[in-house]
Amino acid sequence: MTSRAKLLTVLVLVIVAAGALYLNALMHRLRSERAQPTEASARTKLAEASLHAQNAPQESVTLFFPSNDQGVLLQETRQLSLAASDTDRIRQIFLALLEGSAQGHGAPIPAGAELRSAFLAADGTAYLDLAAGALPLFEPGIGTETLAVYSIVDSMCYNIPSVKRVKFLIQGQEVETLDGHVDLTEAFVPDTSLKPSTP
Amino acid sequence: MGSVAKDGCKLKDLIGAFRRHSRSAFTAGLGILLGAGALLWWTRPLRSDNFVFYLPAARDVLPVRTLGETSYLPLVGVLNLVGKVDALRESSNKLSLWYGDNTLEVRDNNRKVTLNKTSLKLSEPVRFVNGQWLVPVDFLSVVLPRLVKEPIEYRAGDKRIFIGSAKPATFAVRLESLANGARVRVEFTSPLTFQTAARDGKWILYLGDRAIEPLEQKFDFDNPYVSDLRFDDQDGVPKLILTPKTSGLDLYPALEEGGKVLRADILKPAAPATGQATGAAAQSAGPGQAGGAEGPAALPQRPTLPVVVLDAGHGGSDSGAQGPNGVLEKNLVAQIVVRVRTALLATQKYRVILTRMGDTDPDFDQRAIVADTAHAAVFISFHAGNLGFRSPRVAVYTFQPPGGGSTFDPLAPRPLLMPWNEAQTPHLAESQKLAQALEEQLSRLSEIQSGPIQPAPVRVLRSVDAPAIAIEVGSLEPNTDPAPLLDSQFQQKIASAIVSALDAFEGGVS
């Protein structure tokens, strides 16, 4: 084998090795990356819910967003054309929380968490049925899960008077915890202690 | 005189001969001593014990060799117990094994084990002693889980391992006073059978075929009738060994509650005139019942040490929160729990029970069962998560029912049976006091952020029938450096704060 042929062989081997390493890294990245649905998709869903209230006047809605640093829920108001039915309002509040805070507070509901259905029982219990894929998207931890849950519960109960408590379901089923910490086996009533005394 | 002179000559000859050969005799003696010493050094198993393997359909024991401070197991023996070694090749200081689809290589005096070209590191080097390849016991947690498909339950430091899906039962022990004796109640998590024997002045209660993992190995009693109760399965047969304080006492064992409670009454024989020394009479004697005028009055007992149950969150396939560089909540909290356990045991004021053994994930009810069957004085659950940018930080939580208030009236008599999911409710006020005691200790640590105490619907606290709190350290999340949480001084400070808090909590738990 000539020296030129040897050189070519080595070059080909190096290229193949580099390609293999790149492919490996790419596969690893694909495996480790979670699907991150865009904010645009959340806005689309919000718009879909708002279709029910095209002719309704805008109302001031109070939302509660988590602050992990302070361990509290921070209040934020925004204008929404609320739908006539409470079930649609529940969906609207959920999507508004999913859209996130305009003031840079924490996100109670991770992007990609899908609300499969919502309904309100006669006793004032709002049932929120999340898709199974939503659970692993929540940040695990006692503090983070508590704030996330009460962000939703408090926002629902504050803005929709007929909602007295909120029960979370996953794929239509009751689950034990949100992500290993907070108890979801019971319906939640609002927790006013999580709000700072001065909003 | 002649014979004396003759004897004197013999003595002189001997002394002369000794002087002539003293150097070589000394050298030979030293050589023999060193040779024997070296032989003993290389072959010294300082202590020998057994290791019990609980397999899906069988159980077996292997001898444990202790070299220095490390416990070793025979490598080939272990692999042949849990499966079958297909082939092996031994070279000068290397052993290659083919085990199913796996290839395993170990070297003498080397901590590195190569499994299918993956390098794994043991805590101590592999040893080749007396023609036998020995691996340190942590081989069971480092290498074995990669070799077998069944789940493995092994608690570091124990001499038993459970392989397969069958969950071992465990038990809690309680001592009660009787008028003429003592009653030991052993409450198991699963029903079992027993057989009784007596040997060397002790009673042995064989616990049948059920795999059993004790949370504690030995229970010492300060009682005039019974000295201690010890669990033993060194021969592969689980049993309880009960040691009476004096001879001449009778044992009346019986199963209750469908086989989940083993009641053992140790009674002083009644005087013949009273005619009460029958098994039936002995077994019907209850706590506080008068047992006849002849029986000695039960002496006041020193209460047994209060039980502190430490719960390391998550485990097994549930890693919990994740930080950068592969730092997992389940491992971090297990580290902290070990430090807290050590600090508590050093006080000699508490018995400490852990809810999880090694890298396992008992469900929430199993964790509560550990506390409730042990009649825990205190339950502390450990977690890690995102607590914002101020790190290190410690948050203390008490249980808050998601549905708000409870119908439980703290002034009303406690019902005989509490609903399982409301077991924590009667203890909420005590839990708050415990949390305050800990928060006070944590607030003294200037380098650690803490407070305020937060009520939260923490699932694991819900069914704990004792003062219970959860502690979360942070921040453990992908964008925060976890180094402050891994720092041994930080973990030690938490352990010390907990010890001080328990001391301060109602003047020490009882």
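Data for the structure
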{"item": "Hits among aspartates and glutamates - C-alpha to C-alpha of B:Lys218 under 14 Å, sequence gap 8 or more where chains match", "result": "B:Asp158, B:Asp228, B:Asp232, B:Asp233"}
{"item": "Sorted by Cβ density within 10 Å, fewest first, the residues B:His427, B:His383", "result": "B:His427, B:His383"}
{"item": "Vicinal HN-Hα couplings computed from phi for segment A:154-161 (Karplus, 6.51 cos²θ - 1.76 cosθ + 1.60; Hz; Gly/Pro x)", "result": "5, 5, 4, 5, 5, 9, 10, x"}
{"item": "Between segment B:72-151 and segment B:418-448, the alpha-carbon center distance in angstrom", "result": "46"}
{"item": "Viscosity 0.890 mPa s, 25 °C: Kirkwood-radius Stokes-Einstein D of segment B:47-163 over Cα pairs, µm²/s", "result": "172"}
{"item": "Order of A:His181, B:His314, B:His375 under a 10 Å beta carbon neighbour criterion, fewest first", "result": "B:His375, B:His314, A:His181"}
{"item": "Among B:Thr342, B:Asn479, B:Asn386 the positive-end extreme of the charge dipole of segment B:307-507 (Cβ point charges)", "result": "B:Thr342"}
{"item": "Residues A:Met156, B:Met418, B:Met357 arranged by fewest to most Cβ contacts within 10 Å", "result": "B:Met418, B:Met357, A:Met156"}
{"item": "Whole-angstrom Cα spans of segment B:307-507 along principal axes, big to small", "result": "51, 36, 33"}
{"item": "Relative contact order, percent, segment A:86-196 [alpha-carbon distance under 8 Å, six or more residues apart]", "result": "26"}
{"item": "HN-Hα J in Hz across segment B:241-255 - Karplus 6.51, -1.76, 1.60, θ = phi - 60°, x for Gly and Pro", "result": "10, 9, 9, x, 6, 9, 7, x, 9, 10, 10, 10, x, 7, 9"}
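Read the figures in this text as sums done on the coordinates, not as results from a lab. Note that the coordinates shown come from a computational prediction; the quantities given were computed from them, not determined experimentally. Don't worry about glycine lacking a Cβ; one is built from the backbone with ideal geometry, like all the others, and counts go over all protein chains shown.
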